[in-house]
Structure formats: C-alpha cells, structure tokens
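The values are calculated or read from the model by the stated rules, or taken from the named source; none is laboratory data. Only a predicted model underlies this, so the values are computations on that prediction, with no experimental measurement involved. Counting neighbours? That spans all protein chains shown, and the Cβs are built from the backbone with ideal geometry, glycine included. All accessible areas refer to the heavy atoms of the entire protein, side chains included, with ligands and DNA or RNA removed. Shrake-Rupley method; radii C 1.70, N 1.55, O 1.52, S 1.80 Å.
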Amino acid sequence: MCSYSCVFLSTLQIWCKQLYRRKMTHWFHRNPLKATAPVQFNYYGVATTPASSKICNDLRLSRTRLLELFTDLSCNPEMMKNATDLYFSLLQGFILSLDDSSQECKLRYIQNFKWTDTLQGHVPCAQQDAVFELVSMGFNVALWYTKYASRLAGKEDITEDEAKDVHRSLKIAAGIFKHLKESHIPKLITPVEKGRDLEARLIDSYIIQCQAEAQEVTIARAIELKHNPGLIAALAYETANFYQKADQTLSSLDPTYAGKWRKYLNLKSCFYMAYAYCYHGQTLLASDKCGEAIRSLQESEKFFAKAEALCKEYGETKGPGTTAKPSGHLFFRKLGTLIKNTLEKCQRENGFIYFQKVPAEAPQLELKANYGLVEPVPFEFPALNAHWTPETLAAFDLTKRPKDDTAKPKPDEEVKPLKEPDIKPQKDSGCQIS
C-alpha cells in the first residue's frame with residue numbers, strides 16, 4: 001500500500017511541477033542591437049612600455065569578446081557580467097583621472113568610435129570620445145539583458161528560477177539605462193542628435209518598457225498563486241499605464257523608425273487594461289455588485305478587441321524589431337477566453353440571483369498597487385582596473401601620435417549589423433500567462 005502511495009505522490013509532484021512550468025510565458029518586442037566598427041587600440045609609438053601595450057591588447061581582446069557574447073545563445077548573466085566588468089574596468093582608464101582630480105584623462109579623445117542606432121539603420125554616429133564608447137557599449141549591455149529575458153520568457157518549459165531571472169534581468173536593464181542617462185550621457189562633448197539612442201526620449205522609453213515587462217512577470221506570478229483579484233487588477237492597471245507612458249514618450253519621433261515599437265507599446269497597454277477590467281469585474285462580483293461587474297467585463301472586452309486589432313497592425317507595420325504575430329500567441333488567446341468565461345458567469349449570476357441594472361458608464365479605475373511594483377536595480381560601472389597606475393598612464397606619450405591620422409574612420413561609412421539569433425514566440429506550446 002505504501003509503495004502505491006509513494007508512486008502516486010511522486011507522479012502528482014511531477015505533474016504539479018510540469019503544470020507550473022507551463023504557466024509563465026510572455027512575448028516581448030525587441031529592437032536590434034547596436035552595431036559598431038572594430039577598434040584595434042593600436043597606438044604604436046604612443047604606448048611606450050610593455051605594461052601600456054598590454055593594456056591596449058587587453059582592451060582589444062575584451063571588447064571583441066564582449067561583442068561576441070551579445071549574439072551567443074549560450075551566454076548567461078554571469079558570463080556577461082564578467083565580460084563587461086573586464087572591458088569597462090579597462091576602458092575607465094581612458095576616462096577617469098588617477099589622482100581623483102576633476103581634470104580629464106589625457107587619453108579620453110585618443111580613439112574614434114563608431115556606433116549605429118537601434119532604430120535608424122546602419123549609418124553610424126562617430127565620436128572621438130571614450131565616454132561615447134562607454135555609454136554606447138553600456139546601452140548594448142542593457143539591450144542584451146532585455147533580449148536574454150525575452151528568450152527565457154518565451155521558453156516552453158520555464159521554471160520558477162528562470163522566471164525570477166527574467167524579472168531580475170529586466171530590472172538590471174532598466175538600472176543600466178537609468179545610470180547612463182543620469183550619470184554619463186550628460187558628460188558627452190558632442191550633443192546627442194534627436195531621435196538617436198542616447199536621447200532622453202528613447203532612454204526613458206526603454207526604462208519604462210523594462211519596468212512594465214518585469215511587472216508582467218509579477219502579474220503572472222500573482223495569478224498563478226491565486227492572489228486577490230483586486231491586487232491583480234491594480235498591478236495590471238499600473239502596467240498598462242507604464243506602457244501608455246512609454247508610447248507617449250515616443251510620440252514625437254518619426255513613425256518610420258518608431259512606428260512598430262509604438263504599436264507594441266500601445267497593444268500591451270490595451271492588453272493590460274483588458275486584464276485590469278477583467279479582474280476588477282471579479283472584485284465587484286465578489287462584493288455582490290454584479291451589474292457593475294458585467295459593465296467592467298464589457299469594458300475588458302472592448303480593450304481586448306482593440307489590442308487584437310493592434311496586434312494585426314503590429315504584424316503589418318514595417319520597421320526595426322521583432323517579426324511576430326502576437327494575437328496568435330497563447331498568452332494573448334488565453335486572456336480572451338478568461339474574459340468571455342468571466343462575463344458569462346456574471347451574466348448568469350445576474351439572471352438568477354442579483355437582477356441588477358448594468359450601468360451605461362464603465363467603472364473608473366482608480367487602482368493603486370501597494371505590492372509588486374518594479375524599480376530598476378541600481379547600477380554602477382566597475383572600478384578602474386588594477387593594471388592602470390600613474391606609471392602606466394604616463395607611459396602613453398601623446399606627442400608621438402602621427403600628425404595626419406589617415407586611419408580615422410569616416411562618419412558616413414556603413415557598419416555591418418550584428419547577426420542576432422532569430423527569436424520567434426512559441427505558438428502551440430501549451431504555455432499560458434494565467
């Protein structure tokens with residue numbers, strides 16, 4: 001008897017584990033990574049000692065390695081952190097003063113760097129400034145964390161620990177974007193062009209999008225654990241507002257570049273408004289306000305229909321970003337079924353028990369979540385690499401630079417885009433968001 005019980009319990013545990021692994025799936029839009037021209041850090045004659053030459057060689061190798069990891073599917077956050085810490089600690093020697101003074105490092109303007117934009121194609125922007133390299137590479141690191149989260153969240157069998165990794169990766173990305181905006185982009189000598197990645201509107205949109213997507217994971221968790229519908233409605237409402245705010249931030253940008261991204265933000269805003277009204281309806285029903293619950297569910301249907309239309313528009317809109325049909329994704333279809341079933345239940349209850357009038361006006365959502373709201377994880381660049389010493393810095397003799405720098409790259413040269421892995425949302429995986 002005991003053996004049969006043990007087998008039954010073991011089977012039940014496996015089934016429960018598999019059930020959980022099917023409940024956390026999401027779909028996120030992603031813009032392309034920034035591309036950059038190779039940098040050799042060859043300063044023949046300028047680097048006058050073996051120690052200074054070694055730093056140049058380490059810079060070249062660590063930069064190349066970091067760029068390789070951006071498109072390596074086997075790369076994880078630990079590998080990324082190790083690679084970024086090494087490169088940025090070395091690059092800081094071109095920026096920071098070794099004596100803690102406010103004086104600029106003499107190496108800051110020694111090298112020209114070229115970077116493309118996530119939205120504006122392959123024509124790069126070039127600046128002879130190590131701070132430009134710091135913020136551009138940092139921007140790509142933040143993008144990598146969002147792409148890592150997206151790949152992980154779209155898996156067919158995501159575990160609880162992986163869901164936590166998705167949540168944390170998005171918060172880390174938001175923290176990096178925030179740190180770049182507040183602490184380093186203002187230090188650029190050349191003003192940021194309008195519509196470019198480092199402009200405040202784009203940075204703000206990336207920050208808000210990361211927060212909203214992390215809250216999607218929170219909402220899925222709250223639904224899975226059957227938390228109070230009022231909390232779920234409030235979180236969904238806050239998330240919808242995040243997406244709306246990100247969309248409004250991009251409203252003045254050229255739709256040729258930002259149109260597809262904005263469709264995503266708009267459809268996600270409508271999608272989570274549908275969620276908010278759906279769960280608010282459940283809250284009203286539990287309070288015996290069946291007529292108001294029906295009206296809330298009807299409003300949920302309207303937002304879901306609008307989101308469905310935007311899904312089609314998203315798929316038809318040309319521009320940078322993911323190619324997908326979000327309305328065919330199971331996370332989207334599942335909400336439609338939930339709204340339909342909940343509305344039918346409310347209508348049945350009203351016909352048998354409550355007999356309440358359905359209001360003409362939808363209830364005003366004034367929901368505030370007290371738990372589960374996402375804040376960026378604070379980020380700081382690593383400390384200066386130990387190989388940088390006053391003696392090493394003094395060994396760079398700028399008087400020996402060639403007067404005619406013919407190797408300086410031209411700003412209008414095309415930079416080849418990074419070959420990113422093709423990320424497609426799962427269609428018939430059996431996964432669901434709730």
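Structure data summary
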{"quantity": "From Glu133, Glu182, Glu156, residue being assigned to a loop (DSSP other than H, G, I, E, B) and over 14 Å from the mean Cα position of the chain (by Cα)", "calculated": "Glu156"}
{"quantity": "Evaluation of Glu413 against (1) open to solvent by 50 Å² or more (accessible area, probe 1.4 Å); (2) modelled with pLDDT of 90 or more (one fails), failing number", "calculated": "(2)"}
{"quantity": "Ala163 of a type in the set (A, V, I, L, M), in a helix (DSSP H, G or I) and over 29 Å from Leu69 (Cα atoms)", "calculated": "no"}
{"quantity": "Test: residue in the range 45-63 that is at positive phi and at pLDDT 95 or above", "calculated": "no"}
{"quantity": "Identity of the residue in the range 321-361, under 18 Å from Pro229 (Cα atoms) and β-branched (Val, Ile, Thr), that ends up modelled with the lowest pLDDT", "calculated": "Thr337"}
{"quantity": "Residues of the range 212-222 that turn out to be open to solvent by 20 Å² or more (accessible area, probe 1.4 Å) and in contact with a Lys or Arg (Cβ under 8 Å, 6 or more places away or on another chain), as a count", "calculated": "0"}
{"quantity": "Any chance Gln103 is out of contact with any strand residue (DSSP E or B) (no Cβ under 7 Å at 6 or more places or on another chain), surrounded by fewer than 19 Cβ atoms within 10 Å (Cβ to Cβ) and under 22 Å from Ser62 (Cβ atoms)", "calculated": "no"}
{"quantity": "Residue in the range 109-121 that is out of contact with any helix residue (DSSP H, G or I) (no Cβ under 8 Å at 6 or more places or on another chain), among the β-branched types (Val, Ile, Thr) and open to solvent by 20 Å² or more (accessible area, probe 1.4 Å) present", "calculated": "no"}
{"quantity": "Odd one out for Ser251, checked against (1) open to solvent by 30 Å² or more (accessible area, probe 1.4 Å); (2) assigned to a helix (DSSP H, G or I)", "calculated": "(2)"}
{"quantity": "Answer from Lys245, Lys226, Lys268 - the residue that is of a type in the set (Lys, Arg) and not in a helix (DSSP H, G or I)", "calculated": "Lys226"}
{"quantity": "Residue under evaluation Pro191, criteria (1) modelled with pLDDT of 95 or more; (2) under 18 Å from Gln127 (Cβ atoms), criterion not met", "calculated": "(1)"}
{"quantity": "Residue match in the range 362-371 (condition: at pLDDT 90 or above, in a loop (DSSP other than H, G, I, E, B) and surrounded by 10 or more Cβ atoms within 10 Å (Cβ to Cβ))", "calculated": "no"}
{"quantity": "Residues of the range 70-83 that turn out to be free of Cβ contacts under 8 Å to residues at least 60 places away in the same chain and more than 16 Å from Asn57 (Cα to Cα), as a count", "calculated": "6"}
{"quantity": "Any hit, the range 153-168, residues being open to solvent by 10 Å² or more (accessible area, probe 1.4 Å), under 23 Å from Leu418 (Cα atoms) and aliphatic (A, V, I, L, M)", "calculated": "no"}
{"quantity": "Only listed residue being open to solvent by 50 Å² or more (accessible area, probe 1.4 Å) and either in contact with a Ser or Thr (Cβ under 7 Å, 6 or more places away or on another chain) or at pLDDT below 85 (or both), chosen from Asp397, Asp422", "calculated": "Asp422"}
